[in-house]
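Input: a single structure, listed below in structure tokens.
The values are calculated or read from the model by the stated rules, or taken from the named source; none is laboratory data. It should be emphasised that the depicted structure is a prediction, and the values quoted were computed from it without experimental measurement. Cβ sites come from the backbone with ideal geometry, for glycine too, and all protein chains shown count toward neighbours.
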């Protein structure tokens with residue numbers, strides 16, 4: 001077994017992940033339960049599964065050990081917990097993954113720090129990954145190859161972090177130059193090619209587009225010689241560099257479009273997202289940036305888009321209707337489902353049959369609508385729907401599919417031309433007509449409180465201002481109701497007292513619900529709202 005694992009590891013380092021994946025899948029199919037003497041190798045086998053692109057198989061291997069059945073003692077090792085967490089993070093169940101990794105002692109399991117950084121990469125949270133990678137590299141127990149992997153990933157984080165500043169760029173450049181020298185001496189063409197690609201990103205950030213193109217040409221030669229060239233990565237950054245130069249603008253935009261199309265065919269959704277961002281910034285397309293903002297669940301990436309909108313002097317709205325099949329200028333007969341309230345609107349009139357706020361089908365719809373690009377994996381949806389439960393490859397699948405069944409039945413009930421579809425083990429919304437999903441700025445990113453720390457300062461003043469304005473409006477409304485302010489009221493009554501349209505009153509009440517300033521009672525045409533007598537509002541003075 002040890003020799004076979006070493007052979008598979010060597011194949012992955014040579015870029016032959018597809019072959020490794022086939023061999024591991026054949027082994028799993030031939031395996032009948034846990035074999036005697038197999039346990040000491042399971043963490044390494046799970047790591048090979050994750051590295052070769054089948055993290056779900058890694059989860060199935062280690063779940064009986066890390067999350068055993070009641071009254072079954074397994075005593076999982078730090079390595080087993082770390083590999084299980086890394087596979088969960090790759091599948092989107094990052095909260096459970098982080099909890100496992102944070103509970104490990106890095107002196108005994110240093111890879112927990114590396115995997116913690118890896119878990120943040122797909123969320124574009126590079127700033128948070130940097131201290132983890134630094135701590136990993138400070139561990140004396142890691143070997144030379146593992147140290148080199150950590151250094152290359154630290155360079156990737158430094159190159160990708162937004163607004164690194166002059167000091168950050170100098171640090172990243174020094175690391176890149178050292179890695180180029182040392183990987184050249186080692187004859188490691190793969191890591192050298194990766195380093196050249198990251199150096200190109202640094203040159204683009206510095207505005208040195210000619211040097212970026214030279215680095216990308218060298219990376220292309222190295223990776224081709226190593227037999228692991230991913231031409232899509234090279235093409236993307238060459239197009240971005242050409243856009244920065246401005247001399248070949250039209251061909252660069254066409255190339256970016258072609259890269260995006262190929263990335264979509266390969267389900268490489270983050271490349272599609274990034275291509276859309278660079279194209280929108282290059283041409284000053286505010287509408288595309290707004291769609292990208294509301295269709296992106298990552299707070300760090302959203303902050304980048306917000307800065308691009310600010311550069312265009314274009315405001316970010318509080319909500320956005322995602323309607324891929326809408327015809328320009330045609331609104332009659334369209335159905336809009338609000339992810340905040342669960343309400344359905346047909347044109348401007350309530351259609352009733354709202355989703356019950358906070359229940360599983362409502363949360364599932366919000367989870368599916370939080371990312372316009374990337375379909376949601378089953379572990380990711382399970383984490384969204386049941387944040388206090390551990391993921392289980394068998395039982396979790398059943399409960400998520402039951403939630404799917406309930407949401408699909410409701411969509412049929414309200415005659416919404418949208419379906420929940422499954423492809424390659426992931427789920428997404430598929431539109432069949434002019435149906436819209438309204439997502440909100442405050443709740444649309446689906447990120448948890450701790451994931452907002454990086455970008456909260458950038459939007460804190462705007463959020464406080466909006467909250468103060470909302471409180472002031474609600475105070476005026478409550479005063480307008482007089483002695484009846486403790487009684488239930490309708491949306492129409494709110495509109496009348498405030499002198500606004502019912503649609504505007506609906507949006508205001510949706511925000512008030514989200515902040516807990518009012519309660520909602522009933523559903524459909526009989527919906528009423530109520531202030532608690534203890535409700536107080538933020539002072540605007």
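Checked against the criterion of being touching a strand residue (DSSP E or B) at 6+ places or on another chain (Cβ under 6 Å) and either surrounded by 16 or more Cβ atoms within 10 Å (Cβ to Cβ) or closer than 20 Å to residue 157 by Cα (or both), segment 294-313 has at least one qualifying residue. Looking at this structure, is residue 110 more than 30 Å from residue 383 (Cα to Cα) and free of Cβ contacts under 8 Å to residues at least 40 places away in the same chain? No: the conditions fail for residue 110.
Close Cβ contacts (under 7 Å, 6 or more residues apart or on different chains) running from residues in segment 246-270 that are outside the structural domain of residue 376 (by TED's automatic domain parsing) to residues that are at pLDDT below 90 and not in a helix (DSSP H, G or I) comprise 267/424. Residue 8 meets the stated requirement of being in contact (Cβ under 8 Å) with a residue 40 or more places away in the chain, buried (at least 18 other Cβ atoms within 10 Å of the Cβ) and in contact with a helix residue (DSSP H, G or I) (Cβ under 6 Å, 6 or more places away or on another chain). Among the residues that make up segment 284-295, is at least one of them closer than 24 Å to residue 259 by Cα, within 20 Å of the chain's Cα centre (by Cα), part of a loop (DSSP other than H, G, I, E, B) and modelled with pLDDT of 90 or more? Checking segment 284-295: at least one residue is closer than 24 Å to residue 259 by Cα, within 20 Å of the chain's Cα centre (by Cα), part of a loop (DSSP other than H, G, I, E, B) and modelled with pLDDT of 90 or more. Listed by position, the helices (runs of 4 or more DSSP H) inside segment 124-240 whose residues that are within 27 Å of the chain's Cα centre (by Cα) number at least 3 are 126-137, 144-160, 165-186, 189-205.
The rows are residues; the columns are (1) touching a helix residue (DSSP H, G or I) at 6+ places or on another chain (Cβ under 8 Å); (2) closer than 18 Å to residue 171 by Cα.
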position	(1), (2)
195	yes, yes
198	yes, yes
210	yes, no
217	no, no
224	no, no
237	yes, no
240	yes, no
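In summary, residue 209 fulfils each of the numbered conditions (1) crowded, with 18+ Cβ neighbours inside 10 Å; (2) on the phi > 0 side of the Ramachandran plot with the single exception of condition (2).
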